[in-house]
Amino acid sequence: MFARIVGVLVCFVLFGMPQAFADEYPSKVITIIVPFSAGGPTDTSARLLAQYMGETLKTQVIVENVAGAGGTIAAARVAGSPPDGYTVFFHHIGFSTAPSLYRKLPYDTLRDFEPIGMVGDVAMTLVARKDFPAKDLKELIEYAKANKEKINLANAGLGAASHLCGMLFMTVIQTEFTTIPYKGTGPAMNDLLGGQVDFMCDQTSNTISQIKAGKIKVYGVTTRDRVSALPDVPTLQEAGLPNFEVSVWQGLYVPKGTPKPIIDKLVHALQTSLANPTLKQRFDDLGTVPAGKEAATPEALRKHLKAEIDKWAPIIKKAGVYAD
Ligand code: ASP
């Protein structure tokens with residue numbers, strides 16, 4: 001008996017998981033780990049995707065929020081999860097900036113994960129509490145420079161897209177503010193609505209409904225082109241910040257060692273979901289452009305992730321921002 005168990009274990013080590021295991025996949029609930037709090041933009045995109053991927057995979061796909069340290073706690077958790085396709089990781093651009101921002105990471109970004117594919121691109125918006133004095137970007141910059149000790153900027157921690165965008169804004173206007181880190185911009189939005197923080201830069205998927213309801217002020221979108229769901233909002237470039245461009249790309253990963261047949265099933269479910277007209281429309285309403293079929297592949301995401309790590313490393317080094 002003992003010899004048989006050892007034999008099975010040796011087979012696993014030498015040949016990976018048996019084909020039968022992959023054939024049966026999925027036979028239970030799949031969990032998508034989101035590295036920020038519930039209610040924020042990453043969470044919103046992941047929950048939408050989970051619903052459609054679940055339909056294709058014919059199983060329940062749930063979202064678990066593992067927030068903190070700009071997404072690195074969640075990444076470490078996924079890296080250490082069994083490579084069986086039941087733990088999937090949804091992360092954004094912050095996955096590529098963390099290797100430069102954090103002196104030590106408890107995982108290796110390129111070695112410990114298998115990419116599934118790109119999910120989409122989301123624009124960001126520069127927004128402020130409703131009663132913030134500045135009515136447009138020009139006034140915001142003037143007011144911010146004159147009152148820099150008084151005002152504060154919310155973000156979702158070092159490595160979050162909101163952190164990156166806020167840093168870029170401070171650099172471009174050459175003014176530093178106090179930053180208030182949250183575990184996600186979901187809770188940061190609550191404080192913006194409540195007037196406890198002054199402004200932030202966040203994905204349209206978290207800001208559009210509040211902008212449309214007139215509950216917050218918007219100064220511009222961070223993409224080169226306007227966002228179709230916010231046609232009257234200028235780009236920050238149009239509003240007076242040349243070269244200001246940030247777009248939040250999102251990707252899906254599983255732990256290294258996940259068998260290829262399982263990866264293939266996840267890729268198929270991702271591509272099928274992203275091609276679904278209802279999901280496309282919902283993404284569009286949130287200012288998100290879904291990845292096309294050629295981008296929603298492991299090869300495309302692997303290449304993009306590596307290129308982004310290489311792109312951000314010198315920029316972050318020059319900025320001298322680090323976390324231990
Ligand atoms: N929008 C956040 C960010 O700055 C993350 C989130 O809460 O989804 O990356």
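Rg and Dmax of the chain, based on Cα coordinates, read 20.7, 77 Å. Taking the helices alone, the chain has a mean residue ellipticity at 222 nm of -13500 deg cm²/dmol, built from -39,500 (n - 2.57) per DSSP H run of at least 4 residues and averaged over all its residues. Peptides 189-198, 143-152 ranked from most to least packed, by the mean per-residue count of other Cβ atoms within 10 Å: 189-198, 143-152. Summing Lys and Arg as +1 and Asp and Glu as -1 over all other residues whose Cβ lies under 15 Å from the Cβ of L153 gives a net charge of 0. Take the Kirkwood radius over Cα pairs of the range 18-66, plug it into Stokes-Einstein at 20 °C and 1.002 mPa s, and you get 186 µm²/s for translational diffusion. Phi angles of the range 58-65 translate, via the Karplus equation with coefficients 6.51, -1.76, 1.60 and θ = phi - 60°, into HN-Hα couplings of 6, 8, 7, 10, 10, 10, 10, 8 Hz per residue; Gly and Pro are given as x. Think of each Lys and Arg Cβ as +1 and each Asp and Glu Cβ as -1; about the Cα centre, that makes the dipole of the range 112-259 roughly 300 debye. Distant-in-sequence amide contacts of V63, defined by a placed amide H-H separation under 5 Å and a gap of 5 or more residues or a different chain, comprise I32. Extending 7 Å from Cα along the Cβ direction at L110 and again at A319 yields two label points whose distance is 2.1 nm.
Thinking of the range 156-203 as a set of Cα atoms, what percent of all their pairs are more than 16 Å apart? Tail fraction, whole percent: 33.
Computed from backbone phi, the HN-Hα couplings of the range 184-189 come to x, 7, x, x, 5, 5 Hz, rounded to whole numbers (Karplus: 6.51 cos²θ - 1.76 cosθ + 1.60, θ = phi - 60°; Gly and Pro given as x).
Report note on the peptides 85-94, 129-138, 222-231: ranked by the mean count of other C-beta atoms within 10 Å, highest first, their order is 85-94, 222-231, 129-138.
Once the 1.4 Å probe is applied to the protein heavy atoms, the range 53-132 comes out at 34 Å² accessible per residue.
Taking Cα centre as origin and charging only the Cβ of basic (Lys, Arg, +1) and acidic (Asp, Glu, -1) residues, the dipole magnitude of the chain rounds to 300 debye.
Considering only Cα atoms, the convex hull volume of the range 136-182 works out to 69 Å³ per residue. Seen against the Cα atoms of the chain and their longest principal axis, helix 161-173 is set at about 30 degrees. The 3J(HN,Hα) values that the Karplus relation (6.51, -1.76, 1.60; θ = phi - 60°) gives for the range 43-49 are, in residue order, 4, 4, 5, 5, 5, 5, 4 Hz. Gly and Pro appear as x.
Tally Lys/Arg at +1 and Asp/Glu at -1 over every other residue whose Cβ is under 15 Å from the Cβ of V66; what's the total? Taking every other residue near V66 into account, the sum is +1. The peptide list 116-122, 213-219, put in order of mean Cβ contacts within 10 Å with the highest first, becomes 116-122, 213-219.
Can you give me the C-alpha center-to-center distance between the range 254-324 and the range 73-126, rounded to a whole angstrom? One Cα centre to the other: 10 Å. At a temperature of 20 °C and a viscosity of 1.002 mPa s, determine how fast the range 30-100 diffuses translationally according to Stokes-Einstein, using the Kirkwood radius over alpha-carbon pairs as Rh; express D in µm²/s, rounded to the nearest whole number. The estimated diffusion coefficient comes to 174 µm²/s.
The values are calculated or read from the model by the stated rules, or taken from the named source; none is laboratory data. Everything numeric in this text was worked out from a predicted model, so none of it was measured. When we count neighbours, we look across all protein chains shown, and the Cβ atoms used for this are built from the backbone with ideal geometry, even at glycine. Only protein heavy atoms, including side chains, enter the accessible area calculation; ligands, DNA and RNA are left aside. Shrake-Rupley method; radii C 1.70, N 1.55, O 1.52, S 1.80 Å.
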